[in-house]
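Quick notes on the structure that follows.
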Ligand code: GBH
């Protein structure tokens, strides 16, 4: 195996888990309301290999087998997402009994195997009916989300020890609403900021609705990563600082400090911004970080150069430009593998937010590689666990770590071209095969328990 030395020991009650999301694994699209992803994948060219999420891993029908895989891994927790349009086919109003029944069965199956269910209420699958009414550009969507949260809590809340409101509002704003690489395919650039505000508001309203329904231990999963300036030159550090505001501070500052970074609050659609920020900053029990890689950013490049970056077609006229990070291995996706950036990120978070920072959980970390004998994935996870341990040793209060992902799944605009699973899925036959990394992680966890 790629990594031989034992992973250092984490605290006894450290929460180990594995993550998935509904639109990426469930399939059974004919048994729920349509989401923005159904509309988006129906447009040729939007998904690089033309796949849709209609079947995905067929987890809706195979959840018992998948929960057995989770149990076999020896993790204490499973992070999944609840599909809003499966529970409320048009996003509001009529509840689907069959949809709620599915999550009820899933939660029971997890509990029967001694695995703690950690649901995420939104992983980018907005009900299409709400999108047609304006989606996240509209304030109403935030209110509907809180009602939906209450419906889910009423049904499965008695067995759910830990909740996540939203997954990565930053990526959903950037990729879904600013660049149009993800559903709903809006290319609004900076006019996408209302989608950020309304997601944050939805989060805060949902925290209140969940607590009113008796839920405890509520967090959010945000994507974060250090931003490295391309050089020490003033124009590069300024551009990197701006990117850092958009990726990291635009979401973490309002949640943890109750204010937007300077100049951004004014751009948000709020009659009473202070009142909204109070909702958004509703105290969290913990804060989830999805970490993949750092980003190097420099000043805008001259007109006409390098509009392509890591598979994205970037518009011209942005006040920064992402640059390749050299000197590190890259995954199949082209993302650099830089474990020490995780230590850097976590210590920077502690330094910036200090006492306002609740305990942290890494809610996603993983990589895309082909193959069942996935030694590169083992090396990636090994490196990141060591980097995480260094942050814990440095005094950052991190309480858990979830691998993305249990299964090879529907990887958004990449379709089936990228494989993030610890378990290989043959998309033609739905056959699951645990990879070398699955067996490796099981042994790591066994050693942690010993
Ligand atoms: C997560 O988003 C999602 O929550 C999950 O659904 C998804 O399957 C998983 O990641 C894997 O993609 O081009 O080098 O600058 C991750 C957000 C945004 C992280 C893009 C990597 C670009 C890397 N990602 N980012 S780079």
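Does segment 121-176 hold any residues that are part of a loop (DSSP other than H, G, I, E, B), surrounded by fewer than 23 Cβ atoms within 10 Å (Cβ to Cβ) and either touching a residue at least 60 places away in the same chain (Cβ under 8 Å) or in contact with a helix residue (DSSP H, G or I) (Cβ under 9 Å, 6 or more places away or on another chain) (or both), and which are they?
Selection gives 133, 134, 138, 139, 160, 162.
Of the conditions (1) in contact with a helix residue (DSSP H, G or I) (Cβ under 8 Å, 6 or more places away or on another chain); (2) part of a loop (DSSP other than H, G, I, E, B); (3) crowded, with 21+ Cβ neighbours inside 10 Å, residue 292 fails just one. Which one is it?
Here residue 292 meets the rest and fails (1).
Could you tell me whether segment 84-97 includes any residue that is at pLDDT 95 or above, assigned to a helix (DSSP H, G or I) and more than 29 Å from residue 413 (Cα to Cα)?
For segment 84-97, residues at pLDDT 95 or above, assigned to a helix (DSSP H, G or I) and more than 29 Å from residue 413 (Cα to Cα): present.
Any chance segment 300-318 includes a residue that's buried (at least 21 other Cβ atoms within 10 Å of the Cβ), more than 22 Å from the chain's Cα centre (by Cα), at pLDDT below 95 and assigned to a loop (DSSP other than H, G, I, E, B)?
no
Just checking, which of 266, 282 is away from the ligand (no atom under 16 Å from the Cβ) and either free of Cβ contacts under 8 Å to residues at least 40 places away in the same chain or over 30 Å from residue 15 (Cα atoms) (or both)? Quick ask: steps written out before the conclusion?
Working: 282 fails: either free of Cβ contacts under 8 Å to residues at least 40 places away in the same chain or over 30 Å from residue 15 (Cα atoms) (or both).
Of 266, 282, the one residue that is away from the ligand (no atom under 16 Å from the Cβ) and either free of Cβ contacts under 8 Å to residues at least 40 places away in the same chain or over 30 Å from residue 15 (Cα atoms) (or both) is 266.
Restricting segment 102-120 to residues that are touching a helix residue (DSSP H, G or I) at 6+ places or on another chain (Cβ under 9 Å) and either in a strand (DSSP E or B) or free of Cβ contacts under 8 Å to residues at least 40 places away in the same chain (or both), which is nearest to the ligand (Cβ to nearest atom)?
So the residue we want is 120.
Just wondering, is there one or more residues in segment 397-407 that are more than 20 Å from residue 19 (Cβ to Cβ) and more than 16 Å from the ligand (Cβ to nearest atom)? Give the derivation first.
So the first thing to find is which residues in segment 397-407 are more than 20 Å from residue 19 (Cβ to Cβ), and the list is 397.
The next check asks that each one be more than 16 Å from the ligand (Cβ to nearest atom); those that pass are 397.
Yes: segment 397-407 contains one or more residues that are more than 20 Å from residue 19 (Cβ to Cβ) and more than 16 Å from the ligand (Cβ to nearest atom).
Tally time: how many residues in segment 363-377 are part of a loop (DSSP other than H, G, I, E, B), out of contact with any helix residue (DSSP H, G or I) (no Cβ under 6 Å at 6 or more places or on another chain) and surrounded by 20 or more Cβ atoms within 10 Å (Cβ to Cβ)? Before you say what the answer is, go through the steps one by one.
Taking segment 363-377 as the starting set, the residues that turn out to be part of a loop (DSSP other than H, G, I, E, B) are 365-374.
Restricting the remaining residues to those that are out of contact with any helix residue (DSSP H, G or I) (no Cβ under 6 Å at 6 or more places or on another chain) gives 366, 368, 370-372.
With the extra rule that they be surrounded by 20 or more Cβ atoms within 10 Å (Cβ to Cβ), the set shrinks to 366, 368.
The qualifying residues number 2.
As an exercise: evaluate residue 191 against (1) assigned to a helix (DSSP H, G or I); (2) closer than 29 Å to residue 317 by Cβ; (3) within 16 Å of the ligand (Cβ to nearest atom) and give the number of the one condition it does not meet.
Among (1) assigned to a helix (DSSP H, G or I); (2) closer than 29 Å to residue 317 by Cβ; (3) within 16 Å of the ligand (Cβ to nearest atom), the lone unmet condition for residue 191 is (3).
For residues that are buried (at least 20 other Cβ atoms within 10 Å of the Cβ) and part of a loop (DSSP other than H, G, I, E, B), scanning just segment 211-229, find the one that is nearest to the ligand (Cβ to nearest atom).
For segment 211-229, the residue satisfying everything is 225.
Specify the residue that is nearest to the ligand (Cβ to nearest atom); the eligible residues are those in segment 19-69 that are over 21 Å from the mean Cα position of the chain (by Cα) and buried (at least 23 other Cβ atoms within 10 Å of the Cβ).
Ranking the qualifying residues of segment 19-69, first place goes to 32.
Here are the criteria: (1) closer than 23 Å to residue 426 by Cα; (2) assigned to a loop (DSSP other than H, G, I, E, B); (3) touching a residue at least 60 places away in the same chain (Cβ under 8 Å). Tell me which single one residue 55 does not satisfy.
Result: residue 55 passes all but (3).
I'd like the full set of residues that are free of Cβ contacts under 8 Å to residues at least 60 places away in the same chain and within 13 Å of the ligand (Cβ to nearest atom), limited to segment 332-341. Quick ask: steps written out before the conclusion?
Looking only at segment 332-341, we keep the residues that are free of Cβ contacts under 8 Å to residues at least 60 places away in the same chain, and these are 334-340.
Matches in segment 332-341: 334, 335, 336, 337, 338.
The values are calculated or read from the model by the stated rules, or taken from the named source; none is laboratory data. Note that this is a predicted model, so its numbers are computed, not measured. Here the Cβ is made from the backbone with ideal geometry for all residues, glycine too, and neighbour counts use every protein chain on show.
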